[in-house]
Amino acid sequence: MNLTDAIHGGSNDPGHWGPSVVPIYQTASFSQATAQELADVFAGRKSAYAYSRSSNPTTGALERRLTQLEQGVGSIAMASGMAAISAVMLGLLKAGDEVVASQGLFGGSLTLLTKTLSRFGVCTRFVDASDTDAVTQAVTDRTRLIFVETIGNPKMDVPDIKALARIARDAGVPLVVDSTVTPPCMFKGIDLGADLLVYSTTKFINGHGTAIGGAIVDTGRYDWSAGPFEHIVPWAEKVGPLAFLAYLRNATYRDLGSAAAPFNSFLMSQGLETLCMRMARHCEQALRLAKFLEAHETVSWVHYPGLSQSPFHERVQQQFGGHGGALLTFGLGSKARAYTFIDAVTLALNQTNIGDAKTLVIHPASTIYHDFTGVQQQDAGVTEDLIRVSVGLEEYQDIEGDFRQALQRVKEVHA
């Protein structure tokens, strides 16, 4: 990630008059001088803004910055990470199509695939995405995309993105990668073969828990003119590698009304400026905390891909430059002990978000995955004793001290 691009990228809109930050265009619509000019905007003959549900200068600056950082061909910022994932799915799939997806997805993504898209005739084949052979065996002639997370949340598994890209290429379908937990400074999807990147920008890109947002980046690697998506081929003839994003903006994105709010886009752009420095500290502190927990007598197990004994350690070196991310999970042997720990922490906050400057903890089995079956929870790596931690930016000794006293409380209560 180029720090200069993170700070200055995407701010070259000719409508700016020298501000040091991207202005907030907090407006629903934009005026044109004549009826013909507005008609030309709608027809695509004139490049201008008409309605913020379709495009907005503040959001456009964020999109250009993300595109620049990912070295892609284009981006669309959306109202949330789930809006971004939903737009990709709805933009590519129809009844009878199949998705090959990781078992260890975030709960919202699992719900989208199992409870929403399934109602419209889309079948998902869930596999252990870290097992490349399992992914290969799941692909059929009905597969239309492969969907994985760079690091499973909360399973903490790491798929081989380069290998999955080859599988997708052989099948003639795009590899869609949710890179929420490994934002641009950690992971360069285009270099490993990812076709579409999606994010919840709510998380590390924002970095402060102040806004909800999402984004889609097309790396330009997939040939939309040759794939099995007949509805996108005409766009490929018009705009080449921008075909899918053009289709989304003029159809799915427009029709769903899931545009990013201008003020939220402003906050995301601000977050991008410090992302790389924040992620370095997040990752450093997560590794230190994982090692502390691993050595603690009260802790049953720890999952963090940056640990040297993790089965995914080598992939972390290859794909993320040795940085294991800011998330970790650990177990305390029972739900009761997990609850005692969460109730005892005083610095860490019991919240469902991740990627905040503050350290956050949650019990996924009773919250995010509470309405999943036991088998579904097991496949997603969720156990009754599991606690997920999003390691923050506080002084490390304060984080460790908070966890140390909470673990002592667990030991006292459950002696």
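The values are calculated or read from the model by the stated rules, or taken from the named source; none is laboratory data. In this text the structure is predicted, and so the values were computed from the model without any measurement. A quick note on method: Cβ atoms are made from the backbone with ideal geometry, for glycine too, and the neighbour counts reach across all protein chains shown. Side chains are part of the model used for accessible areas, which takes the heavy atoms of the whole protein and leaves out ligands, DNA and RNA. Shrake-Rupley method; radii C 1.70, N 1.55, O 1.52, S 1.80 Å.
Only one residue in 382, 391 is among the β-branched types (Val, Ile, Thr) and either open to solvent by 60 Å² or more (accessible area, probe 1.4 Å) or in contact with a Cys (Cβ under 9 Å, 6 or more places away or on another chain) (or both). Which one? Don't jump to the end; show me each part of the working.
Working: 382 fails: either open to solvent by 60 Å² or more (accessible area, probe 1.4 Å) or in contact with a Cys (Cβ under 9 Å, 6 or more places away or on another chain) (or both).
Just a single option satisfies the conditions, and that option is 391.
Looking at the range 353-367 only, could you name the residues that are in a loop (DSSP other than H, G, I, E, B) and either among the small types (Gly, Ala, Ser) or modelled with pLDDT under 95 (or both)?
Going through the range 353-367, the residues in a loop (DSSP other than H, G, I, E, B) turn out to be 353-359, 363, 367.
Correct list: 355, 357.
The requirement of being free of Cβ contacts under 8 Å to residues at least 60 places away in the same chain, aromatic (Phe, Trp, Tyr) and out of contact with any Pro (no Cβ under 7 Å at 6 or more places or on another chain) is fulfilled somewhere in the range 116-135, by at least one residue.
Yes or no, residue by residue, for (1) among the small types (Gly, Ala, Ser); (2) in a loop (DSSP other than H, G, I, E, B); (3) modelled with pLDDT under 95; (4) open to solvent by less than 40 Å² (accessible area, probe 1.4 Å):
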position	(1), (2), (3), (4)
205	no, yes, no, yes
210	no, yes, no, no
220	yes, yes, no, yes
238	no, no, yes, no
254	no, no, yes, no
265	yes, no, no, yes
271	yes, no, no, yes
280	yes, no, no, no
283	no, no, no, yes
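Listed by first and then second residue, the pairs with beta-carbon distance under 7 Å, at least 6 apart or on different chains, first residue in the range 381-410 and over 29 Å from residue 275 (Cβ atoms), second aromatic (Phe, Trp, Tyr), are 406/341; 407/341; 410/341. Looking at the range 285-305, which of its residues are surrounded by fewer than 23 Cβ atoms within 10 Å (Cβ to Cβ) and part of a loop (DSSP other than H, G, I, E, B)? Selection gives 296, 297, 298, 299, 300.
Counting only strands (runs of 3 or more DSSP E) that fall entirely inside the range 85-188 and contain at least 3 residues that are open to solvent by 10 Å² or more (accessible area, probe 1.4 Å), the qualifying elements are 123-127. Between 33, 39, the distinction of being assigned to a loop (DSSP other than H, G, I, E, B), of a type in the set (Gly, Ala, Ser) and at pLDDT 90 or above belongs to 33 only.
Filter the range 189-201 for residues that are touching a residue at least 12 places away in the same chain (Cβ under 8 Å) and open to solvent by 10 Å² or more (accessible area, probe 1.4 Å); which is farthest from residue 80 (Cα to Cα)? This residue is 192. For residue 340, the conditions (1) buried (at least 19 other Cβ atoms within 10 Å of the Cβ); (2) more than 30 Å from residue 270 (Cβ to Cβ); (3) within 25 Å of the chain's Cα centre (by Cα) are fulfilled apart from (3).
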